[in-house]
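I have placed the structure first, in the form of structure tokens, so that the comments after it can refer back to it.
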Amino acid sequence: MSNVPNLKLNNGVEMPQLGFGVFQVPDEETTVAVTSALDAGYRSIDTAAAYGNEAGVGKALAESGIARDELFITTKLWNADQGYDATLRAFDTSLGKLGLEQLDLYLIHWPAPARDLYLESWKAFEKLYADGRVRAIGVSNFQPSHLDRIVATGGTVPAVNQIELHPYLVQSEVRAAGAKLGIATEAWSPLAKGGEVLGESAVTALAAKHGRTPAQVILRWHLQLGNVVIPKSVTPSRVAENFDVFGFALADDEVAALSALDQGLRTGPDPDEFNVA
């Protein structure tokens, strides 16, 4: 049913390049939103313990009738649950809320460097992976220095690094560091916040040229950069629109024009400073 291409992660697991995010969607609205996404063709769903809507995701999955092996489900470990034993407990809690026996991808949500517990959490991640309870393990919002510390332990290299990434924050350095280590980059907030980037003349001109919406043009830019991308919407028409990004392609100079919008502008926290538990 789905025409979404898969990216092969560094452990051989295949992950859909386009998924559906549920950040800031209230739990009571999440089941309807995820159902809408599944109906549109999405098979990859991204949530997190901190979002408070894992149960809503799980309800939608259970009611969907879609075979488990057709779905790719991601959730994340919150900062307050970092540390070896706490991580294992948090994983059990998340899996229970999702109603799953195995997770496809588990991410450390933030490095929280001042807490300095992410290496302990990573060891717990490696145990969960070795035990077959999760098919791939990765991180979120990790800077190159944080990635280097994990790799230096000599254990498992993260499969994914999910970071804020959009035309105002192209993240060339982080993406390059990930690519060097064989880590796939996944983009959260792929359209930025507030809609300013959607009104950029470079974006609207390409949208008019290709007969697409500004959002579709930016999502296409992500895909052609090689990113995994997880747009979020609770509006069924927008959910379907964000999925319809495979019938056209941007030229190399068009991709470059969107990348040139980079301002180093974060709409979320700075990973080097965000230590909220």
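Hey, if you put +1 on the Cβ of every Lys and Arg and -1 on every Asp and Glu Cβ in the chain, which of Trp188, Ser233, Gly41 ends up farthest toward the positive end of that dipole?
Sorting the options by dipole projection puts first Gly41.
Which one, Phe91, Phe125, Phe248, has the greatest fluctuation when you compute a Gaussian network model over the chain with C-alpha springs under 10 angstrom?
Sorting by GNM fluctuation, first place goes to Phe248.
Kindly provide the Kirkwood hydrodynamic radius of segment 133-180 in Å, to one decimal, from all pairs of distinct alpha carbon atoms. Show your work: numbers first, answer last.
Numbers: mean 1/r = 0.0871 Å⁻¹.
It is 11.5 Å.
Could you tell me how far the Cα centroid of segment 94-149 sits from the Cα centroid of segment 200-244, in Å?
29 Å
Over segment 1-79, what lengths in whole Å, largest first, do the semi-axes of the equivalent ellipsoid take, defined as the square roots of 5 times the eigenvalues of the alpha-carbon gyration tensor? Spell out each step's value before the answer.
Working: eigenvalues 82, 52, 20 Å².
They are 20, 16, 10 Å, listed largest first.
When Kirkwood radius over Cα pairs in Å is calculated directly from the model, which label among [x] 18.8; [y] 19.5; [z] 20.2 fits?
[x]
If you put +1 on each Lys and Arg Cβ and -1 on each Asp and Glu Cβ, how big is the dipole of segment 196-253 around its Cα centre, in Debye rounded to 20?
My answer is approximately 180 debye.
From Cα pairs below 8 angstrom and at least 6 apart in sequence, can you work out the relative contact order of the chain, rounded to a whole percent?
Working: 515 pairs, mean separation 55.9, N = 277.
About 20 percent, as a whole number.
Hey, could you get me the Stokes-Einstein D for segment 96-246, Kirkwood radius over alpha-carbon pairs, 4 °C and 1.567 mPa s, rounded to whole µm² s⁻¹? Could the numbers behind the result be given before it?
Numbers: Rh = 16.9 Å.
Rounded, D is 77 µm²/s.
Values in this text are rule-based calculations from the coordinates and carry no lab data. Computed from a predicted model, the values in this text were never measured in an experiment. Cβ coordinates were reconstructed from backbone atoms using ideal geometry, including for glycine residues, and neighbour counts include every protein chain displayed.
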